[in-house]
Amino acid sequence: MTETTATPLAHEEELSAHFDATIARDQRVEPRDWMPEAYRRTLVRQIAQHAHSEIIGMQPEGDWITKAPSLRRKSILFAKVQDEAGHGLYLYSAAETLGADRAELTEMLIEGRQKYSSIFNYPTPTFADVGVIGWFVDGAAICNQVPLCRCSYGPYARAMIRVCKEESFHQRQGYELLMTMMRGTEAQRRMVQEAVDRWWWPSLMMFGPPDGDSPHSAKSMAWRIKRHSNDELRQRFVDMTVPQAEHLGVTLPDPELRWNEERGRHDFGTPDFEELKQVISGNGPCNAERVARRRSAHENGAWVREAAAAHAARHAGDRGKTTEVAA
Ligand code: FAQ
């Protein structure tokens, strides 16, 4: 009797020790492997938020597809926005390897029960915003996501490799767009500077709350899901972006921004983390509009999902017939 109750516990301890050893050896955890429930839930939370961000993130730039100033800019923007859709799909697939259901994740997003990145709740009033999103937002995404290529969970880490390659291309296209505008008229240069002023602080907020206020960081870093803290990645982004701003000829709107010789890094001001809290809680300038549009796209797409499911069912039926004939 004692033996039968002790065995599953001992087995669980063995599995847990195996998981800990996998993490300690910096090896990958795969979907077939045992994992602690809290690890699984943390991953579903982060991957789902990440997927939602890619999908909602199509909106601010997507608004400019029909208004892009040339055919070349239109086709570049089209391709970029399509890439973001692709990233969302890889990420939902990665979440599915953890037992999550994509339809449920989408429901949670449109009902406001799951988050997406704060950055996509800001407006894009001019075409310079498209360039600045590429430069800052994709730049911040690269800083955050390159370390995720070494995340302990295999499917997430592997999805990040292609995503990062594409984000890199996105960042360059944004920077190239801005370089072109900076070589243009005075009005175009002003437009770029105004977009930089609008996006700088929200971009720094993308990295999340400061380390002292980040409830998930300690555990996620111990599990090697996150490799660096929110503040470390924010600092890397600033250090990477300052020389690019100088080369472009724009000013970053932070009077405290300066090179610190001793640290070998830039000092910079503190983002308004109260604003971040407000935006995360649904009170940003465009939250309502973004979620309403996502909801309506989901509802309008119901017939496509139904048709795809009917096609798949028929296809499965045909395959069954072929197997019968072959047998
Ligand atoms: N916005 O304890 P922490 C892109 C939430 S993709 C909204 O620090 P964690 C591509 C956080 O979820 C951009 N919520 O949390 C693109 C948590 O909430 P919960 C998306 C935020 O997870 C480019 C709470 O605050 N990238 O840009 C934000 O350890 C251009 C406490 O925070 C990713 O998702 C925020 N900024 O660290 C597309 C990357 N910050 O769940 C289109 C993967 C924090 O307790 C155009 N994610 N929160 O309710 C991560 O690296 C992490 O999840 C962090 C947050 C760093 C975002």
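The values are calculated or read from the model by the stated rules, or taken from the named source; none is laboratory data. Note that the structure is a prediction, hence the values are computed from the model and not measured. Every residue, glycine as well, gets a Cβ built from its backbone with ideal geometry; the counts of neighbours run over all protein chains shown. Side chains are part of the model used for accessible areas, which takes the heavy atoms of the whole protein and leaves out ligands, DNA and RNA. Shrake-Rupley method; radii C 1.70, N 1.55, O 1.52, S 1.80 Å.
General observations
- Candidates 327, 297 - the one that is modelled with pLDDT of 95 or more and either open to solvent by 100 Å² or more (accessible area, probe 1.4 Å) or closer than 23 Å to residue 105 by Cβ (or both): 297
- The residue that is nearest to the ligand (Cβ to nearest atom), counting only those in the range 187-213 that are open to solvent by less than 60 Å² (accessible area, probe 1.4 Å) and of a type in the set (S, T, N, Q), is 203.
- With respect to the conditions (1) of a type in the set (D, E, K, R); (2) more than 9 Å from the ligand (Cβ to nearest atom); (3) under 20 Å from the mean Cα position of the chain (by Cα), residue 183 lacks only one, and its number is (3).
- Condition met for residue 75 (among the polar types (S, T, N, Q), out of contact with any strand residue (DSSP E or B) (no Cβ under 8 Å at 6 or more places or on another chain) and within 11 Å of the ligand (Cβ to nearest atom)): no
- The residue pairs whose first member lies in the range 153-166 and is within 17 Å of residue 48 (Cα to Cα), whose second member is acidic (Asp, Glu), and whose beta carbons are closer than 7 Å, counting only pairs six or more residues apart or on different chains, are 154/30.
- Test: residue in the range 241-263 that is within 19 Å of residue 52 (Cα to Cα) and modelled with pLDDT of 95 or more: no
- Residues being within 12 Å of the ligand (Cβ to nearest atom) and open to solvent by 10 Å² or more (accessible area, probe 1.4 Å) - total across the range 150-163: 1
- When the test is whether a residue is touching a residue at least 12 places away in the same chain (Cβ under 8 Å) and open to solvent by less than 70 Å² (accessible area, probe 1.4 Å), residue 285 does not pass it.
- Qualifying residue in the range 25-41 (condition: open to solvent by less than 80 Å² (accessible area, probe 1.4 Å), assigned to a helix (DSSP H, G or I) and more than 16 Å from the ligand (Cβ to nearest atom)): no
- Neighbours by Cβ (under 6 Å, 6+ apart or cross-chain): first from the range 116-128, touching a residue at least 24 places away in the same chain (Cβ under 8 Å); second away from the ligand (no atom under 14 Å from the Cβ) and β-branched (Val, Ile, Thr): 128/192
- Cβ-Cβ under 8 Å pairs, at least 6 apart or on other chains, the range 236-265 side on the phi > 0 side of the Ramachandran plot, far side surrounded by 14 or more Cβ atoms within 10 Å (Cβ to Cβ): 249/182; 249/189
- Screening residue 75 against (1) at pLDDT below 95; (2) farther than 27 Å from residue 284 by Cα leaves a single unmet condition, (1).
- Here residue 123 meets each of (1) over 11 Å from the mean Cα position of the chain (by Cα); (2) within 10 Å of the ligand (Cβ to nearest atom); (3) open to solvent by 10 Å² or more (accessible area, probe 1.4 Å) with one exception, condition (2).
- In the condition set (1) of a type outside the set (Lys, Arg); (2) loosely packed, with under 10 Cβ neighbours inside 10 Å; (3) at pLDDT below 95, residue 315 is compliant with all but (2).
- Hits in the range 78-120 (condition: in contact with a Gly (Cβ under 9 Å, 6 or more places away or on another chain) and within 11 Å of the ligand (Cβ to nearest atom)): 80, 81, 84, 87, 88, 116, 117, 118, 119, 120
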